[in-house]
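These notes concern the structure reproduced below.
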Amino acid sequence: FDSASEESPRVRGLLYLWRGYSSSVAPERVLLTRPVLQAALGISHGILLAEGGLVFSFGELPWKQDLKTPPTDPLLESALSGRGVVSVAAGSFHCGAVTQDGTLYMWGENSSGQCGLLESGLVSDPRPVNLVDSDTLPPQVTRVLEVACGEHHTLALSAQHEVWAWGSGCQLGLVTSVFPVRRPQKVEHLAGRHVLQVACGGFHSLALVKHVSPQDSTWQADTGKCGECNQQLLSMFDKEDHVIINNSHYCPLGVELVNTRPGPWSRHTRSLMEHPYNTQAGDLLASVDRGSGDPIMLINQVSGPCLDCSLSEPDLSVDTQVQLGEDSVSSLASSLSVSLPESFTDTLGVDCSFATMEGAACAAPYQVNSAEDTGSTSSLCESSKSEGCVPGPRANHTGSVTASREGKEEACRFESKHMKASSSLTGFLLDEVMMAGRRHSLPPLPSHVSEPYFFLPASSALPSRRTTDIRPPTMTRKKEEVAESLPSLNTEVWTWGRGQEGQLGHGDQLPRLQPLCIKTLNGEEVVKVAAGTHHSLAVTAQCQVITQHSQAVTAQCQMSEGLRVWDVAAGQDHSVFLADGDCCQPILCYSGQQVSTFSLAPLGQYSSPGSSRSMGYISSVCGGGGSCLALADHNVMGFISGLHELAAADRKFYCRLRDIQKRSLADLCSNYVLESLSTVLGKTSSLLFQSLADSHNRLCHLMGQHSVSMTAFLHGGRDVKSLVILKQASTFLDTYKEYCSSVGNFLVMGVLLFNLLEVLRHLSECSADKVSLGDLLVLLFYMPLQHLHVYNRLLLKLATCFDVSTVEYQKLQEGCSRYEALSVSLGRRQKEAESTNQFWKTNSGKTIDVLRRPQRRLVCESSDKSLTLQNAGRFSVNWFVLFNDLLVHAQFSSHHVYPLVTLWVEPITEEASSNLHFECTHGAPLYLQARWLRAMNQAVEAVLMGEDSGAGVPADSRTASYVFSKDLLLKDASYSGRWLSGKPHGKGTMKWPDGRTYTGTFKHGLKDGYGDYFMPNKTLNKCDRYQGHWKEGKMQGFGKYKYATGEVYEGSFHENMRQGHGMLSSGKLIGPSSSVFIGQWLQDKKTGYGVFDNMTRGEKYMGLWLEDQRHGNGVLVTQTGLYYEGAFSNNKMMGTGFLMSEDDTTFQGEFSDDWTPNGKGTLSMPHGDVIEGLFTGEWTSGLNITGTYRKPDLYDADRKERTQPGRLSVPPEMKWRAVFSECWSRLGCEAPGLPCERRKAWENIAVTLTSGRRDSPKVLSRSQTRMLEKLELIPQHCGPVTARSYDLVRRYLAKACETPLHPLGWLVETLVTAYRMTYVGVGSTRRLRQQAVDEIKSFINRIFQLVRFLFPDMPEEGGFIIADPTSCVSSSWVVCSSTLLLPVLLPRLYPPLFSLYSLDKEREDSLYWNCVLRLNKQPDLTLLENLGVQQNFWPLSISVLGKKQQVSSCSCTKFTPSDKLQVIRQTFEELTQEVQALFHKNIMWSMDDLFPLFLYVVLRARIKKLGSEVSLIDDLMDPSLQHGELGLMFTTLKACYFQIQQESP
């Protein structure tokens, strides 16, 4: 090592190597120029991964053909330099390496295809091997995460966590009988599973697999046979007077069975602690133990605090240890009835003692628990043993490489044949089955039972192509992992390959061609597996070692008390363990074959430490062949010791938690015990205990995950920023808080469940004999909180190893602070729970017990902190108790409860005294001391914001639920929503006992803003519903009221009454009493202008109202075509009026009794005749006339005006005044057009848009939201309006009028609704055409007034707009309100308006259209000639003029007159261009030349209803355009229209 590197607090990679164990063997250090990150050992060679991704090889390297002798120094694999190698592996005679990008390199012996290369023989240098996944299209190369090497095979774990295999032998797990397999192939029986780790033994394989939850398991159809080997799942044997049923079928093909039916799971999972010891083996091993010394424990003793780390067992002299002889081995082998090869000693350390290297101390013997075994093995196992399924001796691997491969191909052929022969396990003879020595392949048969029941083994097998997936309906989903970055503890171990020595762990010695799950390890939380040449090891999260050895079972190694194994390695005939002891420095243990003193092969330059205490802190161990290897680190500045101490503390803590769970909680969580507890103590206590057990289990699981992650952290890069307790601190804090709350709830309710006093005293490590059971429970369940102090101390210790300016220091300090704060907070919670428990014990009784809740904690009470009620009686007794969620005021035998979430404490006087006078909302005034005030405020804030939230100043605004009891208006009403200073304020829901419900906005306790209100109508058994705005508890503003009678009112309200503009609909459209009224309301009655559509009578009234009656001028039209207008009184037409029939006969005179002529009048006929005189009678039945008859006078100019309707109707300026008043009100103006209120109007617009966007019951789209945000900005403009600013105003108005939330948008939408209600249906009559036009003009004038109010620089009607100074156009134009507002208004009003024009011009348009159809039958030249077009204007191609008909016909698709005039101008311009192109010169049109040619274009355009279009343009055209160019063009179009009507046939 470089001396400079030792100055770093994170020096790592010290390599120590030794072979076997004897009294003279000591680990020796291998010196390299770089720190070693990982190492792997083969039979006689090793491979090292050094810093920088460099790979070194040492030992015997026969594949390096250029080396005649083994190298004295580690040899650099130059082919891997710069490749970024991250992991290495060594097989018996070959090697592998994985790079950072997932590329795999192999080299060494390849005669069996173990290198994954096509050529056979030796591979001298590393070469890449690709894992090609053929299941993808196109096939892709799979990345590799890790590789494991055996003797004749190799396994690789892909990035998809699938297993790939190549080489030779059944240990591949592939569905093939052709060996060797020289290309990597996927192990299909593990496909779809999440494999975490793979390991290779000599002739077997292991895989650590993430457990598949039951809901993801596959179910096999109920065929009664195994889906793989097709054998019966159940076998029955008659035995005297009973039948033995065997339900434990083990598939010899290596596929785990699938449950054949939904139902209960029966898992063959006994705790390894409960396995009975083997009597015969125990006796023999007891004798062997006294004469030999097999397992060795290397206890690293270092100076300092760790010098006292020793075990208490009696010392044994090393000199008394004798090596186990071959006779003893053979005797042991025959006693155990298993086949052991030569020189295979107790590899797994069965019931042997430990001894230190220096003989200072000796550990107590640890044993391997095995299942009971009587008799000999089956003939099947003996046949496989006798025929040499396993090749020759294993002790001579240091010789020729090919020596160990003798008979390989023959053995593989035998295995294939043997599998076929042993595929049926039901063909054994009955007498063999009933022998005392049963086969290891079959578990013990069930004894005679009273009730027949059948359970098949649980399975999580891989889905098979021959099975049908059926998911069980009753299975529950397990909880997911706490965090994805934490390792999984729900694992399974799958093994396959040769099983002659029982290394597969399935309870037999049968080989397995395919992976099979070891069911006895399910639930054991295996986190690592290791494979020796002929044995297997597994390490659990509880630091236990489970072996799979020659006794054909999985068994737990009994280590000395206090040792916790966290890393293992397996060699040829030995095992190495790395464990925690009583100090933070790891302890190295050895078990297996001892060696005599001999000289080691020269594997490099060694520096003997002289003593194992100077090895440092060992981070990992490795085994292979007969050698062992350890990687250690220097403890500079305490960094390494801090990491090891943190990891060891977590492992110890987790083991202790598991011990508590197994010995106290596990049995109590059974259904039977919980039901018993529920019966005795009540359901609440039972649920509390179950919640406590669940939270304890979650905490325990999290600690197990973290302890495993810390072990991986010691093997990895050791970047403190990646520590899980720092990265996932929130998960740890939340889990601890949840657990502390469960314990506190358990304690508060005073639940004492069981009488395990001695167990609790032992678990809580309490030496006092007089401690009560309750105190033991408290000590036991609060014990995990003490571990937070360990985190705090160790994180602070690690932080001292870094400079204060580094990121690592800041991260560690932050984590230390968080865990320290949590420890303080949980300690305070513990005290609160204990004091609350004591309070309930002291104050018991039915009155107070009803307040007892698990989550409720005592804060203070008035017995020890004075609290006085204002104006209390002299002899009154008041007791106040403050809990963490409510305040209790007890008086004699009654009590009042005030939830803290709705409790406000406010001062009502300003007295400078020690006792402050305060008033609590919903309660009586109190005299509070300062500490009561502080405690109450802190409790209220904790309820609102959580614990440790702030300085104890609760917010005035909060969200809560409350039931009113004293408020007269809200008595017994429940409210849920926002509050402010004790009153509902904001959004919420109020419910009354009588069924009323309000959901909406409140302000200072009253309904204010938008809300939805339901009011039951008991008479009709329906509800009235109001959706709209409120103010100070009353309906005010715009809203929609649905009455229980079926009527619907939508409009303005004022103080709960309809007032302003609104629409009332009654009945259905085709119902017997259908009607619609839209207009002005005053105090819930129709008053002002309004339109009433009586659909039942077929009448529509448009006029003035007074108190729900027609009163004033108005117009009435009927379905029969009658038109009335005049003055109404008391809902009847009386006085002077006007009547017009369908045939245009009119009567103008005096009426009485609702449209009955009675008095003077004039009757005008359609052809002009007039009768003047006295009229009586009814119009429909006959009139009595006394008067004069006159013929039409040609010089009577006023006759036509007298017969035109509209003179007695309501003037357009008086219509819809309520709508415009409401708009001015929404702008915040008391009167229209006051300049001083302009800024207020813009502010109201912004507020209206913002609140409307926030409180809108409908979800607005993104474009609508963006438009509202733009409209909230007030347009800025100063000075005269220019063309540019005018365009900005125009665009703003267009957007505002499209948005109903904007006051202008609401105005336009309301006017459009009123206009359509007026002139659609019965109102669609030609008599109303002029009134409809006048109404639109009135809209434009009044809206323009609003525009000029908002934009005061806008010129008035007829003013001029100057051009922009930067514009090239210097002319100005006249401001016209119609030009500005018609594009916004007219498209919405166009359908009903044009219908009126069509009805009015029906006769003229019919005549025009008949002429158009007749004239268009003529050919083009004939039509040109008949129209008088000069021949020099005739085009050479007739289609040239024909194109103009498309342009001209576009006028009917436009809405506004200006748009239609632009179409006419375009037609004239294109017509001129065509003629100029014909003459190749400019021409000046004369009307004699232009009119016939334009007439031709109009005829060919075939414009329907041209008269209606012309009349509409004429009525609404801008007056400034009438005498200009556009006016002349429009006059030409009108002339064409009249000329076409005059064309004779």
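The values are calculated or read from the model by the stated rules, or taken from the named source; none is laboratory data. What you see is a predicted model; the values in this text were computed from it and never measured. All Cβ positions, even for glycine, are placed from backbone atoms using ideal geometry, and neighbour counts span all protein chains on display. These accessible areas exclude ligands, DNA and RNA; they are computed on the full protein's heavy atoms, side chains included. Shrake-Rupley method; radii C 1.70, N 1.55, O 1.52, S 1.80 Å.
A few points about this structure:
- In this simple spin-label model, placing a label point 7 Å from the Cα along the Cα-to-Cβ direction at both Glu814 and Ser835 gives a separation of 3.4 nm.
- Multiplying the residue separation of Arg143 and Ser1263 by 0.36 nm and removing their Cα-Cα distance gives an extension gain of 398.5 nm.
- Carbon/sulfur fraction of accessible area - region 54-199, other protein chains in place, 1.4 Å, %: 50 percent
- Links that overshoot a 21 Å alpha carbon limit, given the list Lys966/Lys991; Lys1003/Lys1034; Lys727/Lys797; Lys1270/Lys1337; Lys652/Lys811; Lys1040/Lys1132: Lys1270/Lys1337; Lys652/Lys811; Lys1040/Lys1132
- Gap separating the Cα centres of region 1097-1147 and region 486-514, nearest whole Å: 101 Å
- Relative to one another, the C-alpha centroids of region 1208-1242 and region 1467-1545 are positioned 42 Å apart.
- Peptides ranked, highest mean first, by Cβ atoms within 10 Å: ranges 158-166, 562-570: 562-570, 158-166
- Gyration tensor verdict on region 971-1045 (Cα atoms; rounded if a/c is under 1.5, prolate if a/b is larger than b/c, oblate otherwise): oblate
- Centroid-to-centroid separation of region 57-75 and region 1154-1179 [C-alpha atoms, Å]: 134 Å
- Extended-chain gain in nm, criterion 0.36 nm per residue less alpha-carbon gap, Thr72 and Met945: 307.3 nm
- Note on Lys1034 and Lys1295: the model spin-label points, each 7 Å out from Cα along the C-beta direction, lie 3.8 nm apart.
- Accessible area (Å², per residue) of region 1029-1076, counting only protein heavy atoms and a probe of 1.4 Å: 51 Å²
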